[in-house]
Amino acid sequence: MPDYDIVIIGSGLGGLICGNILSREGLSVCILEKNTQIGGCLQTFTRNNVIFDTGVHYIGSLDEGQITNKFFRYFNIFDRLKLKKLDEEAFEIIHFRGKEYRYAMGYDRFTDSLSQQFPSEKEAIINYCNKIKQVVKSLRLYNLEETEYLNLTDSDHITLNTHDFIGSLTKNETLRNVLAGNNQLYYGDRAKTPLYIHAVLSHSLIESAWRLIDGGGQIADCLAEEIINNGGTIRTRAKVEKLIMKDGKIDEVVLDNEETVRGRYFISNVHPTMTLKMMDSAGLKKAYRTRVCELDNTGSVFSVYAELKEHTFKYLNSNIYYYDVKDVWDGLNYSEKTWPGGYVLFTPATSKSDIWADSVIIMTFMKYDDVREWENSSVEKRGEEYLDFKTAKAEKLLSLVEHKYPGFRSCIRRYHTSTPLTYRDYTATPEGSVYGIAKDCNNILKNYIAARTPVPNLLFTGQNVNMHGVTGVCIGSLQTCSEILGLNYLISKIKKGV
């Protein structure tokens with residue numbers, strides 16, 4: 001007999017959601033996590049009593065009746081989360097060509113706010129909002145619509161290009177850039193990013209945008225508590241090294257201490273490429289392995305995590321997107337001289353104060369090639385040249401921040417940094433990809449990763465199955481668990497909240 005009904009590899013958001021769903025159905029679940037802390041990109045770290053998020057900085061669609069709210073209530077975690085709603089008049093501020101443009105919450109408010117800033121472009125802004133709603137309405141799982149089958153190409157909008165769509169709305173170059181101003185949320189590529197990626201993320205945040213007070217790690221903690229209450233097991237420091245096949249199925253996994261764990265189903269929350277590397281080459285058809293391993297991934301980021309001196313920098317209840325380029329789609333087209341082309345800045349919400357920030361997180365694009373010379377090193381063992389590299393990059397990024405916030409450096413007590421290598425090592429993603437496999441509107445099926453694999457009892461979950469972001473991973477996890485429990489059965493339960 002297998003040790004468990006379900007063995008889940010990785011305790012990122014997708015793995016924890018699958019563990020929550022399946023354990024509440026009475027299945028025995030074991031989650032294996034290689035790190036000491038669960039959560040993947042939900043992880044937080046603390047320095048000098050200051051909490052920093054590593055991945056989830058804000059969440060959309062948490063108002064009553066909205067999609068993420070429905071998922072969180074079904075998971076039985078919503079009422080335990082400490083939440084703070086972002087500024088309804090400016091949940092995001094796009095700083096472009098020396099001016100600020102506000103994204104307001106709710107479609108009517110969003111339209112009115114941007115129309116005040118672009119008085120002659122109201123029709124274009126209305127058309128933008130109508131199309132976003134139309135695209136989202138066409139996606140069955142986002143709307144929890146019961147269906148007999150799932151077909152990615154059901155939506156007429158699935159192959160539309162985000163950059164081209166926004167460009168078709170108006171000749172006003174500034175408005176085009178402002179409407180695409182949050183494209184760092186999905187690592188926007190002008191030639192490839194499908195409109196549905198932009199639409200789902202934008203729609204979710206326009207509906208309602210929230211921060212987690214004292215860090216996103218509480219989502220992981222609440223999900224884990226539910227799993228354990230349902231009889232599930234979560235093991236940390238349990239790194240899976242191999243997936244062992246028998247009679248065409250996965251029979252067991254082997255941990256780095258040579259212990260084996262057997263299961264009936266195996267769900268991998270690890271990047272598909274990394275998962276396949278754990279399997280015997282004879283276990284999969286070469287064509288499938290080659291296709292998955294050759295898929296392009298989104299790029300990575302460089303981050304500065306700044307601890308602030310007490311009462312020196314006001315808490316900002318908005319997310320700041322700052323651009324120092326002529327086109328917001330040019331973030332990756334940098335040279336050593338022109339980097340960074342912009343950044344995203346967050347002041348995390350804390351229970352300490354609603355007035356003063358105790359930390360700031362600043363993120364900007366960074367190519368893996370910038371750190372490739374240290375790729376064979378490990379955390380805390382990369383050498384002085386790497387430390388000097390990080391310091392030089394941090395200082396250059398802080399100089400750009402001071403263009404908007406003069407004297408910002410004087411508010412910093414100390415700061416910490418992360419690079420694509422940090423993301424690679426902590427999240428087990430190729431080259432530190434922050435959003436996983438890149439979607440391409442020119443060939444949607446090529447880049448599509450289904451939850452079901454050619455191995456009958458091996459499933460994928462996480463941001464690569466559907467899309468990234470908390471809502472996207474919720475939907476992807478629904479797809480994964482539906483392979484075991486049935487899609488319409490789960491949709492019905494989520495809609496009822498039971």
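Laboratory data are not the source of any read-out in this text; all were calculated from the coordinates shown. Computed from a prediction, not measured in an experiment: that's the story for all the values here. For neighbour counting, all protein chains shown are included, and Cβ atoms are generated from backbone atoms with ideal geometry for every residue, glycine included.
Dipole magnitude for the chain: about 180 debye, using +1 per Lys or Arg Cβ and -1 per Asp or Glu Cβ, origin at the Cα centre. What is the distance in Å between the Cα centroid of the stretch 475-497 and that of the stretch 186-250? Here the answer is 16 Å between Cα centres.
Just so you know, the averaged projected area of the alpha carbon convex hull for the stretch 130-211 sits at 6.2 nm². Would you mind checking the stretch 21-51 for residues with the amide N under 11 Å from a putative spin-label position 7 Å along Cα→C-beta of GLU259? Flagged as within label range: 32-33.
Listed by chain and number, the lysines placed with their C-alpha closer than 28 angstrom to that of LYS70 are LYS82, LYS84, LYS85, LYS131, LYS133, LYS137, LYS439, LYS493, LYS495, LYS496; residues fewer than eight positions away on the same chain are left out. For the stretch 416-456, the relative contact order works out to 22 percent when only alpha carbon pairs closer than 8 Å and six or more residues apart are counted.
Think of each Lys and Arg Cβ as +1 and each Asp and Glu Cβ as -1; about the Cα centre, that makes the dipole of the stretch 382-498 roughly 460 debye. Which angle from 0 to 90°, rounded to the nearest 10, does the C-alpha axis of helix 217-229 make with the longest principal axis of the chain? The two axes meet at around 20 degrees. For the peptides 321-332, 355-366, 135-146, residues were scored by their other Cβ atoms within 10 Å and the scores averaged per peptide; the highest-first order is 355-366, 321-332, 135-146. Using Cα centres only, tell me the gap between the stretch 68-107 and the stretch 344-369 in whole Å. Value for the Cα centre distance between the two parts: 15 Å. Calculated over the chain, the projected area of the Cα convex hull averaged across directions stands at 22.5 nm².
In terms of the Cα gyration tensor, with a ≥ b ≥ c the square roots of its eigenvalues, is the stretch 299-432 rounded because a/c is under 1.5, prolate because a/b exceeds b/c, or oblate? Since a/c reaches 1.5 and a/b is larger than b/c, the shape of the stretch 299-432 is classed as prolate. The helix-only estimate of mean residue ellipticity at 222 nm for the chain, built from DSSP H runs of length n ≥ 4 each weighted as -39500 (n - 2.57), is -9500 deg cm²/dmol after division by the residue total.
Residue-wise HN-Hα couplings along the stretch 452-461, as the Karplus relation 6.51 cos²θ - 1.76 cosθ + 1.60 with θ = phi - 60° gives them from phi, are 7, 10, x, 8, x, 10, 10, 10, 9, 9 Hz; Gly and Pro carry x. Between the Cα long axis of helix 469-485 and the first principal axis of the chain there is an angle of about 20°, rounded to the nearest 10. Ranking PHE408, ILE320, TRP356 by Cα position along the charge dipole of the stretch 299-432, where only Lys, Arg, Asp and Glu carry charges on their C-beta atoms, puts TRP356 farthest toward the positive end. With θ taken as phi - 60° and the Karplus curve 6.51 cos²θ - 1.76 cosθ + 1.60 applied, the whole-hertz 3J(HN,Hα) list for the stretch 122-130 is 4, 4, 5, 5, 4, 5, 4, 4, 4 Hz, x standing for glycine and proline.
Around the amide H of ILE234, modelled in the peptide plane, lie the amide H atoms of ILE31, all under 5 Å away and 5 or more residues distant in sequence or on another chain.
The long axis of helix 384-404 is offset from the longest Cα principal axis of the chain by roughly 50 degrees. Computed from the Cβ-Cβ distance with R0 of 51 Å, the FRET efficiency linking ASN49 to GLN117 stands at 0.80. Note on LYS246: lysines with a C-alpha under 23 Å away, same-chain residues under 8 apart excluded, are LYS277, LYS285, LYS286. Once you wrap a convex hull around the alpha carbon atoms of the stretch 376-498, what is its projected area averaged over all directions, in nm²? Answer in nm², one decimal: 13.2. If you take every DSSP beta bridge fully contained in the chain, what fraction is antiparallel? Give it as a percent rounded to 5. Antiparallel bridges make up about 70 percent of those DSSP assigns within the chain. Note on the stretch 161-270: the alpha carbon radius of gyration divided by the globular reference 2.2 N^0.38 Å gives 1.67.
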